[in-house]
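Down below is the structure, laid out as structure tokens.
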Amino acid sequence: MSELIQYLRSEFPKLDEYEYSDEEVSLWYADKTGGDRQEVGEMLGVYDPNQGNFSRGIDSAIDSTQGMAYGAGALAADTFGFDNARNSMIRGYQKNMAQVEQRARPTDTFDGINSFGDAADFAAYYSGYGLAQGAQAIATGGLGSLIGKQVVKQGIK
């Protein structure tokens, strides 16, 4: 953790009270000061401007999937009235999505493409994103198949 993040946490104790991650502190500080989110993130040590687009895509896909799992867990916990579990899951969702948001670049959207270089960045990002999503789909599909087979076997018995 950078000294500046530690300083911000000491000056604004609510950041710790609300259990803000370093990425959330960075985004909050950038919004509070009007600074560029990635420049502030780099200054605070939570954003690597040299991370490649393909790698960013993989990391974003993983964080998005984890965030989705937390969101689904929060919905299930809320359905059954488990308020503490719901709140914890919502925090997990928020932290994962802050990681995605911290590393987002303009070329991650179609509207951010203004040149051939931007299009190459877009393609590299979504190639990494798609690869990670595909690997996760295969892994979870295989797990679902295994569980399904076991349920059928138990039903036959």
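The values are calculated or read from the model by the stated rules, or taken from the named source; none is laboratory data. Given the structure is predicted, the values throughout are model-derived calculations rather than measurements. We place every Cβ from the backbone using ideal geometry, glycine too, and count neighbours over all the protein chains shown. When the accessible area is computed, the model is the full protein with side chains, heavy atoms only, and any ligands, DNA or RNA have been set aside. Shrake-Rupley method; radii C 1.70, N 1.55, O 1.52, S 1.80 Å.
Find the residue count for region 11-41, including only residues that are out of contact with any helix residue (DSSP H, G or I) (no Cβ under 9 Å at 6 or more places or on another chain) and at negative phi. Working first, answer last.
First pass over region 11-41, keeping only residues out of contact with any helix residue (DSSP H, G or I) (no Cβ under 9 Å at 6 or more places or on another chain): 11, 13-14, 17, 32, 34.
Cutting the leftovers down to at negative phi gives us 11, 13-14, 17, 32.
Qualifying residue count for the region: 5.
Among Phe116, Phe110, Phe82, which is modelled with pLDDT under 95, more than 16 Å from Gly52 (Cα to Cα) and of a type in the set (Phe, Trp, Tyr)? Quick ask: steps written out before the conclusion?
Working: Phe116 fails: modelled with pLDDT under 95; Phe82 fails: modelled with pLDDT under 95.
It is Phe110.
Among the residues of region 102-137, how many are touching a Lys or Arg at 6+ places or on another chain (Cβ under 7 Å) and of a type in the set (Ser, Thr, Tyr)?
So the count comes out to 1.
(1) on the phi > 0 side of the Ramachandran plot; (2) open to solvent by 80 Å² or more (accessible area, probe 1.4 Å): which one isn't true of Asn84, the others all being true?
Only one criterion is unmet by Asn84, namely (1).
Quick check on region 119-141: of everything there that is of a type in the set (A, V, I, L, M, F, W, C) and surrounded by 13 or more Cβ atoms within 10 Å (Cβ to Cβ), which residue is farthest from Phe54 (Cα to Cα)? Even if it seems obvious, please write down each step before you answer.
As a first pass, look at region 119-141 and keep what is of a type in the set (A, V, I, L, M, F, W, C): 119-120, 122-124, 131-132, 135, 137-139.
Now drop any that are not surrounded by 13 or more Cβ atoms within 10 Å (Cβ to Cβ), which leaves 119-120, 122-124, 131-132, 135.
Values: Ala119: 13, Ala120: 10, Phe122: 9, Ala123: 8, Ala124: 5, Leu131: 9, Ala132: 10, Ala135: 15 Å.
Restricting to residues being of a type in the set (A, V, I, L, M, F, W, C) and surrounded by 13 or more Cβ atoms within 10 Å (Cβ to Cβ), the top hit is Ala135.
Residue by residue through region 1-31, note down the ones that are open to solvent by 40 Å² or more (accessible area, probe 1.4 Å), outside any helix (DSSP H, G or I) and more than 19 Å from Val100 (Cα to Cα).
Phe12, Pro13, Tyr18, listed by residue number.
Picking from Pro49, Pro106, which residue would you name as being in contact with an Asp or Glu (Cβ under 6 Å, 6 or more places away or on another chain), without any contact (Cβ under 8 Å) to a residue 60 or more places away in the chain and surrounded by fewer than 17 Cβ atoms within 10 Å (Cβ to Cβ)? So that I can check it myself, show each step before the final result.
Values: Pro106 fails: in contact with an Asp or Glu (Cβ under 6 Å, 6 or more places away or on another chain).
Result of the check over Pro49, Pro106: Pro49.
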